[in-house]
Amino acid sequence: MTAPRPLIAGNWKMNGLRASLVEAAAIAEGAAGCAARVAICPPAVLIHLMSELLAGTEVLVGGQDAHWEDAGAFTGDVSARMLADAGAKLVILGHSERRSGWGETDAMVARKVQAALRAGLEPIVCVGEMLEQRNAGQAAPIVTEQVRGSLPAELAGRPFCVAYEPVWAIGTGLTPSIAEIEEMHRAVRATLGEKFGPAAEAVPILYGGSVKPGNAAEILHAAEVGGALVGGASLKAADFLAIVRAL
Ligand code: 13P
């Protein structure tokens, strides 16, 4: 089976105004012809503008979350269908900031994934352990459980990614060792195999958590790493492009 094309996705989180679209344009210009698929996931209000700006370039636009219903009385929420209508092609689901800040469970994430598939979006499903869990030797069992619970059967045969993001590595400058990253990605791959059979080999498993220009090459070339989900370092085109080019 051929290895999946790696994905380097920038998660802008709650950062960026319309003026930040110049960074997106610079990313698209600099990423032309690169080895990876490249995506930017800006705040929802920028998706439409960014999609129009990047139309005809190789850079995809994605959302950062979506409701599990397609429409309805859910004040303040955005549905996957709306993201797709605004031009998004992908959506991050189950990010640890949603799990810890908004109480999202694996079951909720699985419903969101189903909604993303209905809308024709490619889900990037995030999993990752907290520091106490890693220190208690529970990193692999916790992440295995998250993969089992967050990925519904409907994903079979559909394009999707898993992002392994250890919570303690997000925004801290800390990263696991390469051996630890490989061990966790192998655990995710094995769980995907249990769920989806041999087709699971084609699912990119991204690493996320303090990916920077200085550590990107080593991380991106580690076994079972199929790309990166980049937070802070995706906000400036120069940094993000250095990561994209590290592949
Ligand atoms: P940082 O790259 O800022 O650590 O964020 C990682 C992340 O949460 C991406 O989704």
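Please treat every number below as a calculation from the coordinates, not as lab data. If you're wondering where the values come from, they're calculated on a predicted model, not measured in any experiment. Neighbour counts run over all protein chains shown; Cβ positions are idealised from the backbone, glycine included.
Full extension of the chain segment joining R186 with H221 gains 11.2 nm, where the gain is 0.36 nm per residue of separation less the Cα-Cα distance. Between A223, A136, A39, the GNM of the chain built on Cα springs shorter than 10 angstrom shows A136 fluctuating the most. With a cut-off of 15 Å between beta carbons, the residues surrounding P43 carry a summed charge of -1, where Lys and Arg count +1 and Asp and Glu -1. A helix-only calculation puts the chain at -11500 deg cm²/dmol for mean residue ellipticity at 222 nm, using -39500 (n - 2.57) for each DSSP H run of at least four residues, averaged over all residues.
With 0.36 nm allotted per residue and the present C-alpha distance subtracted, the D70-L17 stretch has 16.5 nm of extension available. For the chain, modelled as a Gaussian network with Cα springs under 10 Å, which listed residue fluctuates most, W68, W12, W102? In the Gaussian network model the winner is W102.
Relative contact order for the chain: 22 percent, from Cα pairs under 8 Å spaced at least 6 residues apart, divided by residue count.
Neighbours of G120 by Cβ distance under 14 Å: Lys/Arg scored +1, Asp/Glu scored -1, total 0.
Rounding to the nearest 20 debye, state how big the charge dipole of the chain is about its Cα centre with +1 on each Lys and Arg Cβ and -1 on each Asp and Glu Cβ. Don't skip to the answer; put the middle values down first.
Working: 20 positive and 26 negative charges, 50 e Å.
Charge dipole, the chain, about its Cα centre: 240 debye, nearest 20.
If you run the Gaussian network model on the chain, springs between alpha carbon atoms under 10 Å, then out of V91, V225, V78 the most flexible one is V78. Select from P159, G128, P141 the residue farthest towards the positive end of the dipole of segment 106-241; place +1 on Cβ of Lys and Arg, -1 on Cβ of Asp and Glu, and compute about the Cα centre. Projecting each Cα onto the dipole axis, the largest value belongs to P159. A simple charge model with +1 on the Cβ of Lys and Arg, -1 on the Cβ of Asp and Glu and nothing else charged puts the dipole of segment 1-129 at about 120 debye relative to its Cα centre. Here's the picture: charge each Lys and Arg Cβ at +1 and each Asp and Glu Cβ at -1 in the chain, and of L174, A80, I27 the one pushed furthest to the positive end of that dipole is I27. Farthest towards the positive end of the charge dipole of the chain, among the residues S100, P198, L46, is the Cα of L46, using unit charges on the Cβ of Lys, Arg, Asp and Glu.
Return a whole-number percent for the relative contact order of segment 92-214, with Cα pairs under 8 Å and 6 or more residues apart as the contact set. Don't jump to the answer; show the numbers that get you there.
Values: 180 pairs, mean separation 33.2, N = 123.
Relative contact order, segment 92-214: 27 percent.
Could you tally the net charge around A66, taking each other residue with its Cβ under 9 Å from the Cβ of A66, Lys/Arg +1 and Asp/Glu -1?
Details: positive: R81, K112; negative: D65, D77.
Counting the neighbours of A66, the net charge comes to 0.
According to the calculation over all Cα-Cα pairs in the chain, the P(r) per 5 Å bin from zero is 1, 7, 15, 20, 21, 18, 12, 5, 1, 0 %.
Past 20 Å, Cα to Cα, is the threshold; run K13/K112; K112/K195; K112/K236 against it and keep the listed order. Those over the limit are K112/K236.
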